[in-house]
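Below you'll find the structure, written out as structure tokens, and then a few comments.
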Amino acid sequence: LAAGAREIGAGRLDYRIGPETRDEFGALVEAFNTMAGELSASQQKLERSRLELERKHLEVEQRRGYIETVLERIATGVVSIGPDGQIETANAAAVRLLGIDADAIGTQASQVFDREDLRPLQQVIRRAANPGTGPPVQEVALTRDGREVHLSAGATRLQSQTTGPAGTVLVFDDVTPL
């Protein structure tokens with residue numbers, strides 16, 4: 001039993017002791033073999049779970065990369081604001097249309113949208129917190145570089161299934177040519 005315990009401790013979970021008697025010592029050997037079998041089965045289950053988790057993680061990373069690529073390539077501006085009020089993402093179109101720096105990520109949205117020319121978007125963001133208080137999408141006029149830019153803007157409050165509000169997504173298109 002001591003040698004068997006050392007083998008199991010060394011990771012050889014397939015090690016078994018051959019039963020030699022039918023007395024209490026034989027019952028102890030049988031219990032040892034049962035325990036070793038259960039440990040082996042648990043290790044195999046844990047390994048399968050680890051492999052499945054790695055596969056799902058890879059799948060999530062591929063989806064995230066796909067979504068990031070799409071967001072960077074579209075002409076629609078997208079800004080996500082975390083539940084703490086900080087800007088988490090701003091795609092290239094958002095940076096261009098709003099005239100903000102890419103380093104605005106990590107900054108409080110209230111600070112970024114407090115800029116004189118971006119203040120009309122604050123109302124759109126606030127409206128997301130209270131749906132039904134106005135149109136879901138509205139036209140906003142911003143003054144950029146001495147000319148007026150018209151954006152069709154809407155914001156949506158994100159909800160987490162477990163923690164409640166998960167932030168806000170602001171989406172806008174340049175409708176100036178229209």
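The values are calculated or read from the model by the stated rules, or taken from the named source; none is laboratory data. Note that the structure is predicted; figures quoted are calculated from it, not measured. A quick note on method: Cβ atoms are made from the backbone with ideal geometry, for glycine too, and the neighbour counts reach across all protein chains shown. These accessible areas exclude ligands, DNA and RNA; they are computed on the full protein's heavy atoms, side chains included. Shrake-Rupley method; radii C 1.70, N 1.55, O 1.52, S 1.80 Å.
So here's what we get for this one:
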quantity	calculated
Residue satisfying condition, being in contact with a helix residue (DSSP H, G or I) (Cβ under 7 Å, 6 or more places away or on another chain), under 15 Å from residue 78 (Cβ atoms) and surrounded by 14 or more Cβ atoms within 10 Å (Cβ to Cβ), within set 142, 98	98
Within region 62-91, considering residues that are open to solvent by less than 70 Å² (accessible area, probe 1.4 Å) and assigned to a helix (DSSP H, G or I), the one farthest from residue 156 (Cα to Cα)	65
Looking only at region 23-47, and only at residues there that are surrounded by 10 or more Cβ atoms within 10 Å (Cβ to Cβ) and among the charged types (D, E, K, R), the one that is nearest to residue 88 (Cα to Cα)	47
In region 149-176, residue most open to solvent (accessible area, probe 1.4 Å) [restricted to those that are touching a strand residue (DSSP E or B) at 6+ places or on another chain (Cβ under 9 Å) and part of a loop (DSSP other than H, G, I, E, B)]	176
Yes/no for residue 166 being at pLDDT 90 or above, in contact with a Ser or Thr (Cβ under 8 Å, 6 or more places away or on another chain) and not basic (Lys, Arg)	no
